[in-house]
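Structure record follows, encoded as structure tokens.
The values are calculated or read from the model by the stated rules, or taken from the named source; none is laboratory data. Everything numeric in this text was worked out from a predicted model, so none of it was measured. Counting neighbours? That spans all protein chains shown, and the Cβs are built from the backbone with ideal geometry, glycine included. Quick note on the areas: whole protein, heavy atoms, side chains included, nothing else; ligands and nucleic acids left out. Shrake-Rupley method; radii C 1.70, N 1.55, O 1.52, S 1.80 Å.
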Amino acid sequence: MGFLLPLSLLVLLAATYTEGGSARRHRAARAQRPRGGSSPAPSETTAPFWVSISPKLMTVAPGSSVWLNCSSNCPLLESSILHTGLRPGQTLRGPNWVSFQLLDVKTWSSDVHCFLTCAGVTRGAMARINAYKGPQSVILEPPILEGRQHTLRCHVTHVFPVGFLVVTLRRGGRVIYSESLERFTGLDLANVTLTYAFPARPNDLGQLVTCHAHLNLDGLVVHSSSAPMALSFFTWNTTSKALASASIAALVGILLAVGAACLRKYLLMQSRA
Ligand SMILES: *[C@@H]1O[C@H](CO)[C@@H](O)[C@H](O)[C@H]1NC(C)=O
Ligand SMILES: *[C@@H]1O[C@H](CO)[C@@H](O)[C@H](O)[C@H]1NC(C)=O
């Protein structure tokens, strides 16, 4: 199989070559010309035609509008094309540049390509626009102790993009729960509330809990934390007392059953003796 593959590839290549070889070669040559550094200059100057875009990387708040300037060394541009998934706004033009507006940037990362044509030659340049917003606030509500369970509720407000958010709860510095929200792909600022319940333990007394929000944006990490909250003391309120006596009752019930079996066995042995 290992050397059958190159052979069949060769056969395939030969077939396509004989089929429409010259047309293909023409097209390839045309496609290559705009990219080659040594292509003829469009004007009398010897400098090759170049296109550049500015700024190349922009990071904005979601919902912002931005301006990009696509410029060249061409004395007089013939045309310009913009390729973007973002909504175009106004356009301004000079003899050798095109400046364009993009409205309401609401995706985390967008690539924008501009193509300028000068004397029949087309060249392009690319810019990237990123939009994000770190949480406005990370608020951990005072923990609620109900029965033998602590409930933590953490609010992360005004964050974007929520799909890149990880919310983590820590007790005494140690992670007790972490949730990645990558399944959420909404295009708006979001508020996130995480509720987590876990069993109370006697050594929880006054331990500090915190909530952390991480936006992990392809290497750029934005981190915010809540103010610490102390876990409530294990108080014997009515609910926990009722639960505790129910479990003691259950335990006692098991002990009694075991006791009855022993007693019957004892009585049986007594009667035999
Ligand atoms: C765009 O860039 C060109 C070249 O740097 C500059 O001359 C022109 O003024 C710029 N246009 C705008 C609207 O900023
Ligand atoms: C998000 O929370 C903030 C602050 O509590 C509030 O003002 C805003 O209305 C909330 N937004 C949504 C979409 O629930």
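Some notes on this structure:
- Just the protein heavy atoms count here, and of the accessible area of the stretch 51-131 at 1.4 Å, carbon and sulfur take up 55 percent.
- Local electrostatic count at Asp188 - Lys and Arg +1, Asp and Glu -1, tallied over other residues with Cβ under 15 Å: +1
- Proportion of all alpha-carbon pairs of the stretch 37-168 beyond 18 Å (%): 63
- Only alpha carbons enter this Debye calculation for the stretch 82-121, each as an equal point scatterer, and the log10 of I(q)/I(0) it gives at q = 0.21, 0.22, 0.34 Å⁻¹ is -0.74, -0.79, -1.25.
- Cβ charges +1 (Lys, Arg) and -1 (Asp, Glu), total dipole of the stretch 143-205, debye: 300
- Kirkwood hydrodynamic radius of the stretch 137-230, from inverse mean 1/r over distinct Cα pairs, in Å: 13.7
- For the stretch 90-201, the solvent-accessible area works out to 48 Å² per residue, with a probe of 1.4 Å and every protein chain left in place.
- Residue-count net charge about Met126 - beta-carbon cut-off 9 Å; Lys, Arg +1, Asp, Glu -1: +1
- Accessible area ranking (1.4 Å probe, heavy atoms, ligands and nucleic acids excluded), largest first, for His155, His223: His223, His155.
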